[in-house]
1. Quick one: in segment A:570-589, of everything that is facing another protein chain (nearest Cβ under 7 Å) and not in a loop (DSSP other than H, G, I, E, B), which residue is surrounded by the fewest Cβ atoms within 10 Å (Cβ to Cβ)?
2. Quick check on segment B:508-525. Is at least one of its residues surrounded by 17 or more Cβ atoms within 10 Å (Cβ to Cβ), in contact with a His (Cβ under 6 Å, 6 or more places away or on another chain) and without any contact (Cβ under 8 Å) to a residue 60 or more places away in the chain?
3. Take A:L387 and decide whether it is open to solvent by 20 Å² or more (accessible area, probe 1.4 Å), under 30 Å from A:A508 (Cα atoms), of a type outside the set (S, T, Y) and assigned to a helix (DSSP H, G or I).
4. Return yes or no: is A:I469 open to solvent by less than 20 Å² (accessible area, probe 1.4 Å), assigned to a loop (DSSP other than H, G, I, E, B) and not hydroxyl-bearing (S, T, Y)?
5. Please find, within segment B:315-332, the residue that is nearest to the other protein chains (Cβ to nearest Cβ) out of those that are outside any loop (DSSP other than H, G, I, E, B) and open to solvent by 50 Å² or more (accessible area, probe 1.4 Å).
6. Can you go through B:A538, B:A552, B:A548, B:A544 and tell me which one is farther than 24 Å from B:K392 by Cα, assigned to a loop (DSSP other than H, G, I, E, B) and modelled with pLDDT of 95 or more?
7. Quickly run through segment B:403-422 and pick out the residues that are open to solvent by 10 Å² or more (accessible area, probe 1.4 Å) and more than 9 Å from chain A (Cβ to nearest Cβ).
8. What residue, among those in segment A:287-305 that are open to solvent by 10 Å² or more (accessible area, probe 1.4 Å) and of a type in the set (G, A, S), is nearest to A:A110 (Cα to Cα)?
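The values are calculated or read from the model by the stated rules, or taken from the named source; none is laboratory data. Quick caveat, the model's predicted, so the values are computed rather than measured. A quick note on method: Cβ atoms are made from the backbone with ideal geometry, for glycine too, and the neighbour counts reach across all protein chains shown. All accessible areas refer to the heavy atoms of the entire protein, side chains included, with ligands and DNA or RNA removed. Shrake-Rupley method; radii C 1.70, N 1.55, O 1.52, S 1.80 Å.
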2 protein chains.
Amino acid sequence: MPSYAAPVKDMQFLLHEVLKISEADIPGYVDLDASFTGAVLDEAAKVAEDILTPLNAPGDREGCRLENGVVRTPEGFKAAFDTLREGGWMALDAPEEFGGQGLPYLMHTAVNETFVSANMAFNMYQGLTHGAVSAILAHGTDDQKARWLPKMVSCEWTGTMNLTEPHCGTDLGMMRTKADPQADGSYKITGQKIFISAGDHDLAENIVHLVLAKAPGGGEGTKGISLFIVPKVMVNEDGSLGARNAVSVGKIEEKMGIHANATCVMNYDGATGWLLGDLHKGMRAMFTMMNEARLGVGLQGYAVAEAAYQNALAYAKDRLQGRAVTGAENPNGPADPLIVHPDIRRNLMEQKSFVEGARAFTFWGATLIDRHMRNHDAAADGLIGLLTPVIKGFQTDKGFDMAVQAQQVFGGHGYIEEWGMSQFARDARIAMIYEGANGVQALDLVGRKLASDGGKHVMAFFDLVKAEIKAHEGDARMKGLVEPLKVASKQLQAAGMYFMGQMKTPNAALAGSNDFMHMMGHVCLGLMWVRMAAAAYAALDVGATDRAFYEAKIATGRFYMARQLPACGMHLARIETGAETVMALAADAF
Amino acid sequence: MPSYAAPVKDMQFLLHEVLKISEADIPGYVDLDASFTGAVLDEAAKVAEDILTPLNAPGDREGCRLENGVVRTPEGFKAAFDTLREGGWMALDAPEEFGGQGLPYLMHTAVNETFVSANMAFNMYQGLTHGAVSAILAHGTDDQKARWLPKMVSCEWTGTMNLTEPHCGTDLGMMRTKADPQADGSYKITGQKIFISAGDHDLAENIVHLVLAKAPGGGEGTKGISLFIVPKVMVNEDGSLGARNAVSVGKIEEKMGIHANATCVMNYDGATGWLLGDLHKGMRAMFTMMNEARLGVGLQGYAVAEAAYQNALAYAKDRLQGRAVTGAENPNGPADPLIVHPDIRRNLMEQKSFVEGARAFTFWGATLIDRHMRNHDAAADGLIGLLTPVIKGFQTDKGFDMAVQAQQVFGGHGYIEEWGMSQFARDARIAMIYEGANGVQALDLVGRKLASDGGKHVMAFFDLVKAEIKAHEGDARMKGLVEPLKVASKQLQAAGMYFMGQMKTPNAALAGSNDFMHMMGHVCLGLMWVRMAAAAYAALDVGATDRAFYEAKIATGRFYMARQLPACGMHLARIETGAETVMALAADAF
């Protein structure tokens, strides 16, 4: 069975030495000193390691089942869910007025990483609720907030998001689910929704579905879509639970992974719902939560890779196979451990440098969300809007690749379910698909975000990279880090210029969108590695006692720069071939 | 349920217009004219499409089970196996004296592709037998051949390969299975073997296990290993079946994929076996079959990707979602098909150009094996030895990637088992691991094959690439194909030169071995695309009627060159950073 230890030390390094959060001018951050965040993360680590990790592999094997219309989660899930709820873990960043602890989103993000690494499928039950809470906070009336939020914040009731229908996922304009207005101001919701994560389960006494549907008079396409609150069980005026609403589970999907999270077909048969936010503005309401939701999925990408990496590393140190080409390193044993072999190292270093870089990128992204939410900082909002498709698309693509590479370290044992490495790969696979498939992320980045607000945000991003490079250019020790970033960011700019020169042939940009997203991901992780290496040197310069920790950061950063940033040149070369070879074949000539 | 149609036309193009096999000076090839190979492939297509494809998804769901010591294969497998056996499909390239049809290995390869695409797990039962037959043909005494081969060639009895033990896979020198010589010349085999594909089943009345074990007096490490024939059921002098041998199934492994093939733990408890080949020369005996076995796994890489691609393409043409950015292409429908979107195209073209390129590479590889086997051509043997790790390692890495990309086209539906795309990805994953994990392939390529025979074979390879480039340099139409190959092959040579310059630091080469293998894979597929495009132009020049077919070949080749060959520059840049950043961290600093 795989093991997991929360990387609290790495997180603390990021929070206090790289991001220096308690010095950041964001309301609430001043309280986040190292002893406070350390205490929170140590406690979260215990929950992740002792409660969630042991349920991960058994949950995958057992899966969920539908019994007489009710979804049963795997053994142990209910008890664990109760424990987390009682510990207040599900309400970290919710406002205190609704029973939350009012901590910044950043703290939720750090804690969330440990829970996702430990048990991604389990954590989705509360993860979806978190998203639904955000939606009601942003768009609900005071009455709606008072009615739904206290129980949802505590996860006594959980939440879901209902967007997809059998014939449409990305293209929601084709949606068929209808909302018929009733005399009392409510709506009757009728239609079928699919791929509803945590759509039903036995962990909470009620489930609050947020459902996109078409109400009359909204016109064609996405313009006619509104968002509705549709509870599984009706709630009486006094807050007690009433009758079942007309919503039911059609089936649980058999999936490649995240078996312990029930992915449901949901049938709404004239179910009672209430409008959330403005009529016919449902898509906009969904979009306001998108950065947060997509950052959460981008986090899944590297969090699962982190768990997979930890196990691959342990196996590589333990498994004896072959001899180092430079001479036996375990001469008294029958063979050397796998980790002596350069290609195993290359594999492990790719995992390590990705996971640590992605964590830094994600934490930084979380501070931008806090800066927007708590400081109403429009520039931060614009920047995180630009970075979100990269965090989601790049990190889930690479996170899956890294989980597959971790599996490879195990040889044949990696393919056997008993060892748990297959589960990491199977679970990680979904993050590339849901919350906007990665092709849609690339389209969002290149087709919308690059040019939004006249290109202001992408220019701000490049300024920020330039400033970082300039800050360290005088430091000879940083050369192996700064130079590759300089090259890669110039290549990224060249790709942007190429797109601008092809304004009249939009296919040229779209044919290169996936390459651009990956290129930008590498530049962002490169930027993070420059920051982390600089922080490590700073610590060494003032005589930090744990030198090995800081030296490992620098060495890992140098690896990422030397071995991963060269991908940018390849992506640029691909991009600059334009759309011609991509679009040359007529559809029926395939 | 996924569908599959055998790409007979593409195969015929390769055999007769690219490889021009009936003109090749190889015994047996003269009979392989287009009408003969077309007839064989058309019949194979029927078997693959009508018999094997319908069993693929159900076989994955049902899997194998162990009942009272006997492995039961999924429903329908026995009947299908009998049908294939009766049709002579399992004996295509075996010698006629043992009941085979004596066709070249190339024909086996082409037919095999269709069977693997249709049902990889099913096809492994005969695939392993094919390998065992080759071993007995190469190393058996006349008596052994007469005793075992006729029933194995017909697959009345099947075969297995037993190498791995719980504590050793790659490093077989640590093997513990023992062979004790008996007075009658037989051996008692005792030990446990794991990961035995097709280790037991109900498809045949006997199973002939080829088992590596240590007989006394052979010394330490791999030198002491010999190969033994160990039947499941003893065979009497008259060829009838006798008592059960002391070999039993410990368990069936639960795997990520190929559920319908029983991967067994095999226990040998003093089982009777007979030496195959020379005493203490078991490793060498295994190596003689390695090119063939690894080419077969490299074929699995692209064959599963082919099946996945066919389904992704059909879905991309059928599924309506969004509008083309250049204007509606299906204005009367609610949306355009997915295939109008440039990033979906990019994805599909990557699949298509890989699969067709890999098929050409594999078929060419099969002709080299025939040239060695039938013409005793040492140069062909040296060349296929060099190319084998590339065919195995590069094609299975990319084949898996492409199956994952095919799955991505389906969005959320790709993650649901019902659609079958998950199975392609899960099945394809194993090919990166077995028959020598891909890290071992890269090591074999860089650590052994590059320098073998004084570098003669890699020089022959470069000469061949140069000759191909030279042959088409005067043709302006070929510029977009020839130029990128020229650049890429120079980069590959530069990587080789870099390794040679680092002779004293072998880690530098090994740290770049994976990159080199992938780089060489791209150069090989680039070479194939130059050949295919040239053949397509030749057909167009003489007024071929099916212009669309040939034009599609050229367009697909141009895509591969423009969009995939730029990876070579990245690999070279990575390689040239050497081992330093890869090996910098001490094992305990990870």
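1. Taking segment A:570-589 as the starting set, the residues that turn out to be facing another protein chain (nearest Cβ under 7 Å) are A:570, A:573-574, A:577, A:579, A:581-585, A:587, A:589.
Still in the list and also not in a loop (DSSP other than H, G, I, E, B): A:570, A:573-574, A:581-583, A:587, A:589.
On the way: A:M570: 23, A:A573: 21, A:R574: 26, A:T581: 24, A:V582: 26, A:M583: 21, A:A587: 14, A:A589: 12.
Checked segment A:570-589; the qualifying residue surrounded by the fewest Cβ atoms within 10 Å (Cβ to Cβ) is A:A589.
2. Yes.
3. Details: open to solvent by 20 Å² or more (accessible area, probe 1.4 Å): no; under 30 Å from A:A508 (Cα atoms): yes; of a type outside the set (S, T, Y): yes; assigned to a helix (DSSP H, G or I): yes.
It is false that A:L387 is open to solvent by 20 Å² or more (accessible area, probe 1.4 Å), under 30 Å from A:A508 (Cα atoms), of a type outside the set (S, T, Y) and assigned to a helix (DSSP H, G or I).
4. Numbers: open to solvent by less than 20 Å² (accessible area, probe 1.4 Å): yes; assigned to a loop (DSSP other than H, G, I, E, B): no; not hydroxyl-bearing (S, T, Y): yes.
In short, no.
5. Keep residues of segment B:315-332 that are outside any loop (DSSP other than H, G, I, E, B), which gives B:315-318, B:320.
From what's left, open to solvent by 50 Å² or more (accessible area, probe 1.4 Å): B:317-318, B:320.
Values: B:K317: 6, B:D318: 11, B:L320: 8 Å.
Here the answer is B:K317.
6. Details: B:A538 fails: assigned to a loop (DSSP other than H, G, I, E, B); B:A552 fails: assigned to a loop (DSSP other than H, G, I, E, B); B:A548 fails: assigned to a loop (DSSP other than H, G, I, E, B).
Step by step, each of B:A538, B:A552, B:A548, B:A544 is checked, and only B:A544 is farther than 24 Å from B:K392 by Cα, assigned to a loop (DSSP other than H, G, I, E, B) and modelled with pLDDT of 95 or more.
7. The answer is B:Q405, B:W419.
8. Top of the filtered list is A:G296.
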